[in-house]
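Take a look at the structure below.
The values are calculated or read from the model by the stated rules, or taken from the named source; none is laboratory data. Because the structure is predicted, anything quoted here is derived from the model rather than measured. Neighbour counts run over all protein chains shown; Cβ positions are idealised from the backbone, glycine included.
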Amino acid sequence: MCKDCRVFPREACSSQHRLLALDTMFKSVQYKRERSVALRILWKNLNGDATKAFRARVAKGVFTQVDVLSASAADSVWNILATTIKEAVRDSLGVAIGTSKTHMARKESWWLCKEVQSKVTVKQA
């Protein structure tokens with residue numbers, strides 16, 4: 001939107017152009033983005049019986065899709081395998097909802113545990 005406009009008739013930039021002073025005002029539109037929360041796979045749970053369960057689920061998922069995998073191109077094979085592994089991970093290991101910022105904030109609050117606080121008070125006494 002133009003607020004004020006003025007042409008300087010005697011000032012010339014070149015033979016056919018005149019200087020122009022223009023005050024404008026633009027409205028800036030800011031769109032709110034929806035936050036997408038990515039699920040974090042809890043790989044720390046991959047030990048003991050969870051390892052066996054994870055392997056069994058992946059093997060079962062791959063075995064059920066052998067015909068599809070053998071008849072597909074390399075890109076689709078990788079996509080199918082990735083989907084199978086992600087589903088097996090969700091079922092056997094679990095996922096955490098939250099961003100890395102909240103994860104880092106939780107890491108800083110480890111000392112709030114009552115067990116840790118009691119040990120600290122014993123050492124300080």
- request: Return only the number of the condition from (1) exposed (fewer than 10 other Cβ atoms within 10 Å of the Cβ); (2) in a strand (DSSP E or B) that C5 does not satisfy.
  value: (1)
message: If I filter segment 21-34 for residues that are outside any helix (DSSP H, G or I), of a type in the set (D, E) and more than 25 Å from the chain's Cα centre (by Cα), do I get at least one hit?
response: yes
message: Any residue at all in segment 42-65 that's surrounded by 10 or more Cβ atoms within 10 Å (Cβ to Cβ), part of a strand (DSSP E or B) and in contact with a strand residue (DSSP E or B) (Cβ under 7 Å, 6 or more places away or on another chain)?
response: no
message: Cβ-Cβ under 6 Å, sequence separation 6+ or interchain: first residue in segment 73-92 and closer than 14 Å to L39 by Cβ, partner modelled with pLDDT under 85 and aliphatic (A, V, I, L, M). Which pairs?
response: V89/I41
message: Out of R55, R33, I need the residue that is of a type outside the set (A, V, I, L, M, F, W, C), over 30 Å from K3 (Cβ atoms) and at pLDDT 85 or above. Which one?
response: R55
